[in-house]
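The values are calculated or read from the model by the stated rules, or taken from the named source; none is laboratory data. The model shown is predicted, which means the values in this text are computed figures rather than measured ones. Positions of Cβ are generated from backbone atoms using ideal geometry, with glycine treated the same way; all protein chains shown enter the neighbour counts.
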Amino acid sequence: MSSFSVRADAGGVPARVLRYCVRVPVLLWHLGVHLPVLLFTMLPPIGRRRLRSGERVDHRMIRWWQGGLMRVFGYRMQCRGTPLPGAVLFVANHVSWVDIVALHSQRMVGFVAKREIAGWPVVGWLAARGETIFHQRGSTESLGGVLEEMVARLRDDRPVAVFPEGRTRGGDRVGPFHARIFLAAVEAEVPVQPVALRYGRGGSAQTVVAFRERESFFANFLRLLGERGGEADVVFLEPILPGNADGRRRMAEVSRERIVAALEVRP
């Protein structure tokens, strides 16, 4: 599928209407035709077969479908750096629900996400089948269970991804990273790889992609469908190897520093 970014005035009503006219039919095709193909390939035993690259068929197809969804919204994916194979704790800045789609398009990984996402149309349904670990925010008991599941997956040589900020912040800044979530990497003795997610040239569309005040998922989804697309960078940064950082707090600090530095780079 080709990119469906419409080259027109980003703020004009005619341009937005034109984008809806182009993207809505393509979105319906992606849901009505490509989604059933994805679901078929996820069924056993097809989904568990491995390609020559070693990647599982269902994982490759999830990446294909998520990359297609990004193109529906007009984003041209750019992968910079190399994601580590095997058991890795990926940590990324959090801008919007789009973050999961963008990262999934480059690397199949089980996310830790808020439980509300499970109820979102399509995205939540796919997240549940994409090995997502759902967390009830504000619940210490839930977080304990999440950490146990993260450690189990990492010890089973399966990657996990988290947003250490815990929530989105309008896209204009990166909030503090909660150190406790890094405990899973410490206990499983696996590397942490920071990932910078950047939308628009030089991050110019961070605030566009982000949720507006009191904006629901559905409202954000519809708004982004009419926004101007552009570049979307998934930047895999230098990993923090086990034993190379002074515990979980230092891991959190170093990860945030590297992500902030990457977001400030103008390609």
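Values computed for the structure shown
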quantity	calculated
Neighbours by Cβ (under 6 Å, 6+ apart or cross-chain): first from the stretch 198-227, more than 20 Å from Asn93 (Cα to Cα); second crowded, with 17+ Cβ neighbours inside 10 Å	Leu225/Arg23; Gly226/Arg16; Gly226/Arg19; Glu227/Val208
Subset of the stretch 210-224 (residues that are surrounded by fewer than 17 Cβ atoms within 10 Å (Cβ to Cβ) and under 17 Å from Val13 (Cα atoms))	Leu222, Arg223
Matching residues in the stretch 89-110 - criterion: being more than 25 Å from Gly32 (Cα to Cα) and either assigned to a helix (DSSP H, G or I) or within 9 Å of the chain's Cα centre (by Cα) (or both)	Ala92, His94
Selection status of Gln106, under 19 Å from Asp58 (Cα atoms) and of a type outside the set (A, V, I, L, M)	yes
Any hit, the stretch 43-56, residues being assigned to a helix (DSSP H, G or I) and of a type in the set (A, V, I, L, M)	no
Wholly enclosed strands (runs of 3 or more DSSP E) of the stretch 159-248 bearing at least 2 residues more than 19 Å from Ile133 (Cβ to Cβ) and modelled with pLDDT of 95 or more	192-199, 230-236
